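Chemist: Below is one structure. I have some questions about it.
The values are calculated or read from the model by the stated rules, or taken from the named source; none is laboratory data. Source: prediction; values computed, not measured. Cβ atoms come from the backbone with ideal geometry, glycine included; neighbour counts cover every protein chain shown. Accessible surface areas use protein heavy atoms only, side chains included; no ligands, DNA or RNA. Shrake-Rupley method; radii C 1.70, N 1.55, O 1.52, S 1.80 Å.
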Amino acid sequence: MKILVINSGSSSIKYQLLDMAAESILVTGLVERIGEASGVLTARTFPGTGVEKRFQLETMIPDHSTGMQLLIKQISDQQDGVIRDAAEIEAVGHRVVHGGESFHQPALISEEVIQAISANVPLAPLHNPANLDGIRVARQLFAGVPQVAVFDTAFHQSMPPSAFLYALPYELYEQERIRRYGFHGTSHKFVAGECARVLGRPLAACNLITIHLGNGCSMTAVENGRSVETSLGMTPLEGLIMGTRCGDIDPALHAILHRSRGLDIEEIDALLNRESGLKGVCGMNDMRDIHAARQQGNKLAQLAFDMFVHRLRKYIGAYFVVLGRVDGLVFTAGIGENDHMLREAALSGLENLGIVLDREANAGKPGEWLRISAPQSRVEVLVVRTNEELEIARQTVEVLGQASVATQLEAGRQI
Ligand code: AMP
């Protein structure tokens with residue numbers, strides 16, 4: 001079964017074609033600069049010969065429809081493509097950033113589902129409209145092919161109200177839906193599943209702390225396979241320190257910044273999202289640059305690293321108590337997968353919590369996953385390479401399976 005995974009942004013479409021028989025990637029590509037003077041499509045194909053082929057096309061891409069047509073042509077190109085006909089694609093899985101409270105699960109896309117995603121636009125004004133563009137275009141170009149929406153927020157819909165509510169007047173939740181939603185759900189779900197597989201236990205029997213550290217950073221407490229607490233909130237600003245985002249701050253700082261610096265609310269929003277975090281402290285937001293700078297004695301780079309680690313450890317401690325028992329701790333995403341110095345700093349001295357790092361294993365090169373805890377560690381610590389596209393494709397297949405069972409049941413009832 002071939003599944004096309006689409007992640008549609010405001011001026012880009014990321015795509016991946018997967019063969020779900022072996023869960024192998026056939027094509028991974030990116031259409032960029034949609035609507036600009038000159039657009040570009042870059043792709044890597046894996047035609048089954050084990051040889052990777054690269055493909056690049058620069059051309060005007062005025063809109064998402066043109067971008068989608070180009071990527072279909074690239075995938076099914078007689079010479080460079082990996083399938084003979086776009087009709088071989090049996091389903092399309094779409095990444096959708098915000099499902100609000102409407103979606104606890106992925107959903108087979110219908111007009112009602114599109115309306116519900118539109119109703120959640122105020123919660124993700126930059127992302128949901130772009131995701132909807134991708135869905136509308138794909139429905140036109142793949143008429144009759146089932147399409148599934150997979151939500152970044154859905155995994156966290158299992159959080160209890162005590163975890164997802166802010167201590168604000170309750171009517172703000174009832175009327176404005178102001179609450180914590182969490183993000184990176186597809187990544188947390190994927191790495192939790194992989195961790196359970198490595199531990200040789202059903203996910204539903206595992207208590208895990210999953211730590212996604214990339215440009216955006218978040219941590220999730222997974223109890224018996226379900227998210228019960230996560231660090232990102234109503235928006236992806238809360239919680240851990242990130243590349244350019246501040247994470248937790250005293251909310252009174254908004255008023256203080258307004259009074260002392262005369263900043264208006266949009267300027268404060270931009271400051272907290274784009275000029276803060278690691279970048280705000282030391283001027284650099286890539287952890288590799290920060291390591292290089294602190295090794296050369298840059299004090300602010302060292303401070304930014306220390307602050308990042310301190311916040312991380314504070315959250316690890318909190319999530320231990322939320323869960324009571326922790327079977328596994330998983331690092332993922334750009335920093336989590338690659339940065340052994342950060343992992344060592346985050347986990348040093350936690351033997352009393354049952355975490356004993358194997359320093360040599362930690363310095364090793366991760367493949368799909370790597371165990372970095374010592375044999376005597378009560379908590380298994382893993383590095384797992386996240387794969388959101390594969391998770392979206394898996395969930396798409398699952399939804400199709402459920403839909404076909406539902407159709408059969410319905411047909412059975414009619415007989
Ligand atoms: P992601 O959002 O998952 O693509 O992660 C991107 C971030 O990962 C970059 O901004 C870097 O800070 C970080 N990163 C990538 N490779 C490394 C590495 N080898 N060591 C430390 N950080 C890394």
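Chemist: Cβ contacts < 8 Å: first residue among the acidic types (Asp, Glu), restricted to segment 241-259; second residue away from the ligand (no atom under 16 Å from the Cβ), any location; separation 6+ or different chain. Result?
Modeler: Once the first residue is among the acidic types (Asp, Glu) and sits in segment 241-259, its partners that are away from the ligand (no atom under 16 Å from the Cβ) give Asp248/Glu238.
Chemist: A follow-up question, please. Taking the residues in segment 357-405 that are in contact with a Gly (Cβ under 8 Å, 6 or more places away or on another chain), among the polar types (S, T, N, Q) and more than 15 Å from His188 (Cα to Cα) as candidates, determine which candidate is least open to solvent (accessible area, probe 1.4 Å).
Modeler: Ranking the candidates gives Thr396 first.
Chemist: State whether one or more residues within segment 294-302 are crowded, with 16+ Cβ neighbours inside 10 Å and either assigned to a loop (DSSP other than H, G, I, E, B) or at pLDDT below 95 (or both).
Modeler: yes
Chemist: Something else: Six or more apart or on different chains, Cβ atoms under 6 Å: show the pairs whose first residue is in segment 197-215 and assigned to a strand (DSSP E or B) and at pLDDT 95 or above and whose second is among the aliphatic types (A, V, I, L, M) and within 16 Å of the ligand (Cβ to nearest atom).
Modeler: As it stands, the answer is Thr210/Val191; Thr210/Val330; Ile211/Met219; His212/Ala333; Leu213/Ala333; Leu213/Ile335, since those pairs meet every condition given.
Chemist: Tally up the residues in segment 125-141 that are open to solvent by less than 10 Å² (accessible area, probe 1.4 Å) and either out of contact with any Ser or Thr (no Cβ under 7 Å at 6 or more places or on another chain) or within 22 Å of Glu90 (Cβ to Cβ) (or both), please.
Modeler: 5
Chemist: If you don't mind, there's one more thing I want to ask. Which of the residues that make up segment 228-238 are assigned to a loop (DSSP other than H, G, I, E, B), open to solvent by less than 50 Å² (accessible area, probe 1.4 Å), away from the ligand (no atom under 15 Å from the Cβ) and under 16 Å from Ala163 (Cα atoms)?
Modeler: Those that are assigned to a loop (DSSP other than H, G, I, E, B), open to solvent by less than 50 Å² (accessible area, probe 1.4 Å), away from the ligand (no atom under 15 Å from the Cβ) and under 16 Å from Ala163 (Cα atoms): Ser231, Gly233, Met234, Glu238.
Chemist: From (1) within 16 Å of the ligand (Cβ to nearest atom); (2) in contact with a strand residue (DSSP E or B) (Cβ under 8 Å, 6 or more places away or on another chain), pick out the condition that doesn't hold for Arg311.
Modeler: (2)
Chemist: Acidic (Asp, Glu) and either under 18 Å from Leu208 (Cβ atoms) or surrounded by 13 or more Cβ atoms within 10 Å (Cβ to Cβ) (or both), is that true of Glu344?
Modeler: When the stated conditions are applied, Glu344 passes them.
Chemist: While we're looking at this one, here's another question. Enumerate the strands (runs of 3 or more DSSP E) found wholly within segment 1-67, keeping only those where 2 or more residues are modelled with pLDDT of 95 or more and open to solvent by less than 70 Å² (accessible area, probe 1.4 Å).
Modeler: Fully inside segment 1-67 and qualifying: 2-8, 13-19, 24-32, 39-45.
Chemist: Could you identify the single residue in Gln69, Gln16 that is within 17 Å of Ile392 (Cα to Cα) and of a type outside the set (Val, Ile, Thr)?
Modeler: Details: Gln69 fails: within 17 Å of Ile392 (Cα to Cα).
Selected residue: Gln16, the only one of Gln69, Gln16 that is within 17 Å of Ile392 (Cα to Cα) and of a type outside the set (Val, Ile, Thr).
Chemist: Let me ask another. Tell me which residues, restricted to segment 207-227, are away from the ligand (no atom under 16 Å from the Cβ) and out of contact with any Pro (no Cβ under 8 Å at 6 or more places or on another chain).
Modeler: Asn207, Leu208, Ile209, Ala221, Val222, Glu223, Asn224, Arg226, Ser227
Chemist: Still on this structure, please answer the following. When segment 68-79 is examined, which residues are found to be farther than 21 Å from Ile135 by Cα and open to solvent by 50 Å² or more (accessible area, probe 1.4 Å)? First the steps, then the outcome.
Modeler: Of the residues in segment 68-79, the ones farther than 21 Å from Ile135 by Cα are 77-79.
The answer is Gln78, Gln79.
Chemist: Six or more apart or on different chains, Cβ under 8 Å: which pairs go from a residue in segment 326-347 that's near the ligand (Cβ under 8 Å from one of its atoms) and modelled with pLDDT under 95 to one that's in a helix (DSSP H, G or I) and open to solvent by less than 10 Å² (accessible area, probe 1.4 Å)? Could you list them?
Modeler: No pair meets every condition.
Chemist: Next question. Among the residues of segment 265-287, which ones are open to solvent by 50 Å² or more (accessible area, probe 1.4 Å) and touching a residue at least 12 places away in the same chain (Cβ under 8 Å)?
Modeler: Leu271, Arg274, Glu275, Lys279, Gly283, Asn285
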